[in-house]
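Below you'll find the structure, written out as structure tokens, and then a few comments.
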Amino acid sequence: RSTWAKRAGGQFFTDARVTHLALSLLEFDPRSGDDLVDPAAGTGGFLLAGLNRIDTLLGNGRRNGAREERVVAMARTRLRGVEVDADVCTAANSTLTARLGKGDRTLVTQGDSLKMLSAGFPDACGLRVGFHRCVATNPPFGTRITVKDPTVLSAFELAVVGSRLPQLELGLGRLTPRAPDVLFLELCVNLLEPGGGRLAI
């Protein structure tokens, strides 16, 4: 896929040094109950950084079969992502499967996180409002893309009247079309566990 095509869709993939830094700043530690979700998972960079952090935390320099099983089990229960682009989702799951082996379900679900919020988060996506300890993501952004779907917009406070942007007159009230990064900011905050959640975006 060309660089232009990715940017036209707001896709800017995150460098591994940035994902590693984000997980360090979040102090992600599944041993203390943390989980990590990425609602715009892309190729799975933040989840891979989460896997690497689990590997480091459980490692202490030792490599053996039992430890590897613990890393895989913890990663499978503590890492989740959602990606709208089917091809990119496949790439993310391929990368994670190469490290973890095949499991009973993939870590990245193909779907639109913004639409899932308005549908009440189907269980299949693994994301829940007010539940997660760590969210790390690089959502789609840019002036070329705008969310105009009233069903999606009505689920977000940041889309309700209050700006000077053009507004849609709907039975639900007046809504403002928004760039997806604005809505993802609200989505990510909503995903966090109150009082204990941390966000790197």
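The values are calculated or read from the model by the stated rules, or taken from the named source; none is laboratory data. The structure presented is a predicted model; accordingly, all values stated were derived computationally and were not measured. Cβ sites come from the backbone with ideal geometry, for glycine too, and all protein chains shown count toward neighbours. Accessible surface areas use protein heavy atoms only, side chains included; no ligands, DNA or RNA. Shrake-Rupley method; radii C 1.70, N 1.55, O 1.52, S 1.80 Å.
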Expected output for the stretch 43-54 (first residue open to solvent by less than 10 Å² (accessible area, probe 1.4 Å), partner part of a helix (DSSP H, G or I) and basic (Lys, Arg), Cβ below 7 Å, 6+ apart or cross-chain) is LEU51/ARG99
Result of the Cβ filter at 7 Å on the stretch 17-42, keeping first residues that are touching a residue at least 40 places away in the same chain (Cβ under 8 Å) and partners that are of a type in the set (Ser, Thr, Tyr) and open to solvent by less than 50 Å² (accessible area, probe 1.4 Å), at least 6 apart or interchain, is ASP38/THR137; PRO39/SER113; PRO39/THR137; ALA40/SER113; ALA40/THR137
Picked from the stretch 101-120 (must be open to solvent by 20 Å² or more (accessible area, probe 1.4 Å) and over 19 Å from ALA91 (Cα atoms)), the residue modelled with the highest pLDDT is LYS115
Can you find even one residue in the stretch 129-141 that is over 16 Å from the mean Cα position of the chain (by Cα) and modelled with pLDDT under 85?
-> no
Considering only the stretch 176-196, I want to know if a residue exists there that is surrounded by fewer than 16 Cβ atoms within 10 Å (Cβ to Cβ), small (Gly, Ala, Ser) and at pLDDT below 85.
no
Residues in the stretch 75-100 that are under 23 Å from ASP34 (Cβ atoms), open to solvent by less than 30 Å² (accessible area, probe 1.4 Å) and either of a type in the set (Val, Ile, Thr) or modelled with pLDDT under 90 (or both) total 1
Result of the Cβ filter at 6 Å on the stretch 61-72, keeping first residues that are among the acidic types (Asp, Glu) and in a loop (DSSP other than H, G, I, E, B) and partners that are surrounded by 10 or more Cβ atoms within 10 Å (Cβ to Cβ) and at pLDDT below 85, at least 6 apart or interchain, is none
